[in-house]
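In what follows, a structure is listed as structure tokens, so that the remarks can point back to it.
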Amino acid sequence: MKLNLRKAAAVQNSIRAAISERQVRITGELTMDLWSVNDEMLALARGDQLRHLEEVERLESTLANIREQVGAANSKCGVNKLLSEQAMVAAQIARFGRLVNCAVVPSSAHLAERAKAISAANEKSAYRVTESFSVGVFSLNDIERFKNKLVALRRRQTAIGEELITANITTEITIRDQDWTWLESLGIV
């Protein structure tokens, strides 16, 4: 059975859920009522536990096979490279997103005025003395460059998303027919 990477991701999620459901059932114990203690119930419970255990092991094996194929396909079609670039672009967008909102570096006259005003306020107050203040360090041109960079990064982010969608739809892996049929019989796919 051939699956594109998008469908393979959904199948992997379904298999993980099926594994979790069965894992909960594997306790190695049976709660018995005092009036119904018998070996037949123990044998049935043991059979159920072993069946769940076998299913989990086969599901894990099938999942590992799919993951291996998806990993190889992701590398071959460039998804891994795109995901790395996407992470880098997201970090840059966050950084430049903050920088475009920075205050512009003030003129030296404005700096002197501000320092003078703070000094005057300090003289009037015995309790609150301010010894420093924050100012922007980037010029208007710098901030404009940051805005342009941010626009370009957002465009690249969109393009990467589109490239990932295309790769996930057009790249296929193959699941063995017997595994697919078995997953269908369990209602997983």
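General observations
- In terms of packing, defined here as the mean over residues of other Cβ atoms within 10 angstrom, the peptides 88-95, 62-69 line up highest first as 62-69, 88-95.
- Length available on full extension from Gln49 to Thr27: 0.36 nm per residue minus the Cα-Cα distance, which gives 7.2 nm.
- Segments 170-180, 23-33 sorted - mean Cβ within 10 Å per residue, highest first: 170-180, 23-33
- For the chain, the dipole from Cβ point charges (+1 on Lys and Arg, -1 on Asp and Glu) about the Cα centre works out to 1540 debye, to the nearest 20.
- Heavy-atom accessible area for Ser125, with the other protein chains in place and a 1.4 Å probe, reaches approximately 40 Å².
- Per-residue [θ]222 nm for the chain (sum of -39500 (n - 2.57) over DSSP H runs n ≥ 4, rounded to 500): -25500 deg cm²/dmol
- Cut-off 19 Å (backbone N to label point 7 Å along Cα→Cβ of Ala115), residues of the range 126-147: 129-138
- Partner lysines for Lys2 [C-alpha distance under 27 Å; skip if fewer than 8 residues away on the same chain]: Lys76, Lys81
- Where Glu163, Glu123 fall by accessible area, highest first, once all protein chains stay in place (1.4 Å): Glu123, Glu163
- By the Cα gyration tensor, the range 97-189 has an equivalent ellipsoid whose semi-axes, rounded to whole angstrom, run 62, 21, 6 from largest to smallest.
The values are calculated or read from the model by the stated rules, or taken from the named source; none is laboratory data. All values derive from a computational prediction rather than experimental measurement. Cβ: placed from backbone, ideal geometry, glycine included. Neighbour counts: every protein chain shown. With ligands, DNA and RNA removed, areas are computed over all heavy atoms of the protein, side chains included. Shrake-Rupley method; radii C 1.70, N 1.55, O 1.52, S 1.80 Å.
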